[in-house]
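The values are calculated or read from the model by the stated rules, or taken from the named source; none is laboratory data. A quick note: this is a predicted structure, and the numbers were derived from the prediction, not measured. For neighbour counting, all protein chains shown are included, and Cβ atoms are generated from backbone atoms with ideal geometry for every residue, glycine included.
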Amino acid sequence: MQIRPYQDSDERAVIALWNEVLPDSAPHNDPATAIRKKLAVERDLFFVADDDGVVGTVMGGYDGHRGWVYAVAVTPLPRRHGVGSALVRRLEAALAERGCLKINLQVRAWNAEVIPFYEKLGYSVEKIVSMGKRLY
Ligand SMILES: CC(C)(COP(=O)(O)OP(=O)(O)OC[C@H]1O[C@@H](n2cnc3c(N)ncnc32)[C@H](O)[C@@H]1OP(=O)(O)O)[C@@H](O)C(=O)NCCC(=O)NCCS
């Protein structure tokens, strides 16, 4: 298993993975759209775990103030074998190289069971209410 940058040929596998483990019917989270938009901005913060095929993803962002972690996803089969951790750590290293001082991420309230995963990686729940607004 290796963590490597996303390649265009990964698109089909990543869409299938996200549809399976990150189901979300919101139009702004449509996988093909999200991938296309990410490739247009900081595509080098988009990594996959490759084990004779894509078995995991992480997508990051850095706006000069905070780093953000998105789309942490691992196929059901190799879970609890360190793939998710390796993906997040690779993104953290890429963000640190850019001078990022702090990383944020969001966990949906219904998905709180993954909080221990992030806590093990050093993240902590903060007293912040996350807000959002769609622009179109
Ligand atoms: C969350 C997720 C990415 C973890 O991937 P993974 O490859 O299984 O994670 P790791 O093997 O690196 O786990 C490292 C540690 O995190 C903790 N952990 C991982 N998944 C956990 C879970 N479901 N419940 C509690 N602790 C968990 C464990 O301490 C684990 O170490 P251990 O296996 O030695 O006990 C994976 O379960 C997943 O894709 N879930 C569905 C998508 C999702 O919800 N993504 C997060 C969106 S915010």
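Residue-by-condition table, conditions (1) surrounded by 15 or more Cβ atoms within 10 Å (Cβ to Cβ); (2) not acidic (Asp, Glu):
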| position | (1), (2) |
| --- | --- |
| Arg4 | no, yes |
| Ser9 | no, yes |
| Ile15 | yes, yes |
| Glu20 | no, no |
| Ser25 | no, yes |
| Lys38 | yes, yes |
| Val48 | yes, yes |
| Gly53 | no, yes |
| Gly60 | yes, yes |
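Do you know which residues across the range 72-84 are near the ligand (Cβ under 9 Å from one of its atoms) and surrounded by fewer than 17 Cβ atoms within 10 Å (Cβ to Cβ)?
Matches in the range 72-84: Pro76, Pro78, Arg79, Arg80, His81, Gly82.
Can you tell me how many residues within the range 67-78 are farther than 20 Å from Ala34 by Cα and at pLDDT 95 or above?
Result for the range 67-78: 1.
Are any residues in the range 98-123 more than 10 Å from the ligand (Cβ to nearest atom) and among the polar types (S, T, N, Q), and if so, which ones?
Passing the criteria: only Asn104.
Go through Arg43, Arg66, Arg90 for me and flag whichever is more than 10 Å from the ligand (Cβ to nearest atom), in contact (Cβ under 8 Å) with a residue 60 or more places away in the chain and at negative phi.
Arg90
Going by the conditions given, is Val48 under 11 Å from the mean Cα position of the chain (by Cα), farther than 28 Å from Lys133 by Cα and either away from the ligand (no atom under 16 Å from the Cβ) or not acidic (Asp, Glu) (or both)? Don't jump to the end; show me each part of the working.
Working: under 11 Å from the mean Cα position of the chain (by Cα): yes; farther than 28 Å from Lys133 by Cα: yes; either away from the ligand (no atom under 16 Å from the Cβ) or not acidic (Asp, Glu) (or both): yes.
Spelling it out, Val48 is indeed under 11 Å from the mean Cα position of the chain (by Cα), farther than 28 Å from Lys133 by Cα and either away from the ligand (no atom under 16 Å from the Cβ) or not acidic (Asp, Glu) (or both).
If you take the residues of the range 98-121 that are within 21 Å of His65 (Cβ to Cβ) and loosely packed, with under 10 Cβ neighbours inside 10 Å, which of them is nearest to the chain's Cα centre (by Cα)?
Within the range 98-121, the match that is nearest to the chain's Cα centre (by Cα) is Lys102.
It is to be established whether one or more residues within the range 20-31 are within 12 Å of the ligand (Cβ to nearest atom), at pLDDT 95 or above and more than 19 Å from Ile3 (Cβ to Cβ).
Yes, the range 20-31 contains a residue that is within 12 Å of the ligand (Cβ to nearest atom), at pLDDT 95 or above and more than 19 Å from Ile3 (Cβ to Cβ).
If I filter the range 92-106 for residues that are touching a strand residue (DSSP E or B) at 6+ places or on another chain (Cβ under 6 Å), of a type in the set (Val, Ile, Thr) and under 19 Å from Glu11 (Cα atoms), do I get at least one hit?
No, the conditions are met nowhere in the range 92-106.
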